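This report concerns only the one structure given below.
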């Protein structure tokens, strides 16, 4: 983002503007087939002042948009270019959506005067989602209110939407936002202009953009931000398909993306299953709005997603890897190793494992390999997790169960 004016404050996912000023994306996006959504708060905007958010399509911003490259489709001294006004508000009362595709004035065309739809707000804080078809045609949802491209007056032609489509493809759309005042205001039933600009404030928050960059730098992705400067958490062992998921709705675990693009899944659970079955995946972030599943090779500590619960993150824990069972020895060994039954190493360990019976092989190997320690139960711990837990004394039952789980880790207590 780039800001213009002393009263502009850029923040994570948006900005606030006090008085005369503006904010814009450094990149220009192809929004055909994509969308932009955000929350708009005009509760502190004055009548006769025009807070707004819209797109313009300038040339030559490979290094990023700057104010000297600004253009629009209005009667002013700026170069003409496609201008799509998603919303221009009259304070906190009402506003308008306007399309400007061609130069000139006069009725019947989407020119400087524009093809417009005007409405009242009802509430001065609301959510907006601007969606584009692959043909360039837009549709806006404002807290449930539908503002379709067909509702604009005069009605845009197929050629107008074709201009949007081709311009977004070739130049992209810089998202620009400002507030200003003058004699003309949208929704003039709310009151006329000019208004008190210096005392007026509005904000955009939770901004999300689904589109591809045509000009300018690639922005930080919502679901795959860069790791923090502190050393990342070491990657845990690769989980198996039966790994267990830990879901964290409304949290982003940042970290390192496993791939350069996202998979598509229908739910966070499905995203977790995708991670569980993918080699090297330690966690994931699932974006609710577009169902993008970002697999992570490493994750950081979870944080609030700063967009009001728009993502679900998670980690995957691998189950213990079972010790492979060798062929049963012949003749059949005694029920337990005759020597070095715990804390074995070297030749003693090999002899201990070779003496393990096939029907208790895994538990026996764990006994051979584990250090000699005191009993969990205070007596005979038995040959299985079930036997061990059954012998736990009531006055230290949970400590005993934890000890038994460590002694027999390959078993599962149901």
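The values are calculated or read from the model by the stated rules, or taken from the named source; none is laboratory data. Just so we're clear, the structure is a prediction, and the values are computed from it rather than from any experiment. Glycine also receives a Cβ, built like all others from the backbone with ideal geometry; neighbour counts cover every protein chain displayed.
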Looking at the structure I just gave you, is residue 62 in the same structural domain as residue 7 (by TED's automatic domain parsing), over 12 Å from residue 176 (Cβ atoms) and surrounded by fewer than 18 Cβ atoms within 10 Å (Cβ to Cβ)? yes
Taking region 68-88 and keeping only residues that are crowded, with 23+ Cβ neighbours inside 10 Å and touching a helix residue (DSSP H, G or I) at 6+ places or on another chain (Cβ under 9 Å), one is left with 82, 84
Note on region 265-294: residues within 13 Å of the chain's Cα centre (by Cα) and surrounded by fewer than 22 Cβ atoms within 10 Å (Cβ to Cβ) are 288, 289, 290, 291, 292
Looking across region 132-147 at residues that are outside any strand (DSSP E or B) and in contact with a helix residue (DSSP H, G or I) (Cβ under 6 Å, 6 or more places away or on another chain), the single one that is surrounded by the most Cβ atoms within 10 Å (Cβ to Cβ) is 136
The condition of being assigned by TED's automatic domain parsing to the domain that holds residue 56 and over 17 Å from residue 54 (Cβ atoms) holds, among 122, 136, only for 122
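State whether the residues of region 95-111 include one that is in the same structural domain as residue 55 (by TED's automatic domain parsing), surrounded by 14 or more Cβ atoms within 10 Å (Cβ to Cβ), part of a helix (DSSP H, G or I) and in contact with a helix residue (DSSP H, G or I) (Cβ under 8 Å, 6 or more places away or on another chain). Before you say what the answer is, go through the steps one by one.
The first filter runs over region 95-111 and keeps only residues in the same structural domain as residue 55 (by TED's automatic domain parsing), leaving 95-111.
Remaining after also requiring surrounded by 14 or more Cβ atoms within 10 Å (Cβ to Cβ): 95-102, 109-111.
Okay, now just the ones that are also part of a helix (DSSP H, G or I), so none.
Scanning region 95-111, I find no residue that is in the same structural domain as residue 55 (by TED's automatic domain parsing), surrounded by 14 or more Cβ atoms within 10 Å (Cβ to Cβ), part of a helix (DSSP H, G or I) and in contact with a helix residue (DSSP H, G or I) (Cβ under 8 Å, 6 or more places away or on another chain), so the answer is no.
Every residue, every condition in (1) part of a strand (DSSP E or B); (2) more than 22 Å from residue 168 (Cα to Cα), yes or no:
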residue: 10; (1), (2): yes, yes
residue: 15; (1), (2): yes, yes
residue: 31; (1), (2): yes, no
residue: 35; (1), (2): yes, no
residue: 38; (1), (2): yes, no
residue: 51; (1), (2): yes, yes
residue: 59; (1), (2): no, no
residue: 64; (1), (2): no, no
Could you say whether any residue in region 162-177 is surrounded by 15 or more Cβ atoms within 10 Å (Cβ to Cβ), in a strand (DSSP E or B) and without any contact (Cβ under 8 Å) to a residue 40 or more places away in the chain?
no
